[in-house]
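The values are calculated or read from the model by the stated rules, or taken from the named source; none is laboratory data. All of these numbers come straight from a predicted model, not from anything done at the bench. Heads up, the Cβs are rebuilt from the backbone with ideal geometry, glycines too, and the neighbour counts pull from every protein chain shown.
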Amino acid sequence: MTETVTMVRLYLSEADSQLAPLLKKLHDEEKVKGVTAFRGIAGFGASGEMHSSSLLDVSLDLPIVIEFFDSPDKVATILEHLSSQFEAGRMVHWSVQVNT
């Protein structure tokens, strides 16, 4: 059997002060089904500024992707709450099938 859920990705950086509060909100308040934080080795956004790591430069501003999923209705409500906290283009979402 499968279940339709909505998957969400938020694109941040390590220096972004929203990271810890976002994880706390998704876990403690929203109680979403699953959350993963990925630390990137390189990336850039709308500003075009490259964030990367190298052996010579230990960056504290690497890309972070927060990914979570839950029922479409629940995610729609969460996205309404988050839309005022994140600028356009930093959140993407799509429907997926999860094996149950």
*In region 24-37, what count of residues is obtained for those that are within 23 Å of V96 (Cα to Cα) and surrounded by fewer than 11 Cβ atoms within 10 Å (Cβ to Cβ)?*
2
*asked:* I need every pair where a residue in region 6-20 that is under 19 Å from T77 (Cα atoms) and modelled with pLDDT of 90 or more has its Cβ under 7 Å from the Cβ of a residue that is among the aromatic types (F, W, Y) and assigned to a loop (DSSP other than H, G, I, E, B), sequence separation at least 6 or different chains.
replied: L10/F86
*Residue check for L60: out of contact with any Asp or Glu (no Cβ under 8 Å at 6 or more places or on another chain), at pLDDT below 80 and outside any helix (DSSP H, G or I)*: no
_On the basis of being at pLDDT 85 or above, more than 16 Å from the chain's Cα centre (by Cα) and farther than 12 Å from L82 by Cβ, does E3 make the cut?_
yes
*For region 77-100, enumerate the residues that are under 28 Å from S47 (Cα atoms) and surrounded by 13 or more Cβ atoms within 10 Å (Cβ to Cβ).*
I78, L79, L82, Q85, F86, R90, M91, H93
*In region 21-57, which residues are assigned to a loop (DSSP other than H, G, I, E, B), more than 24 Å from A88 (Cβ to Cβ) and at pLDDT 80 or above?*
K31, K33
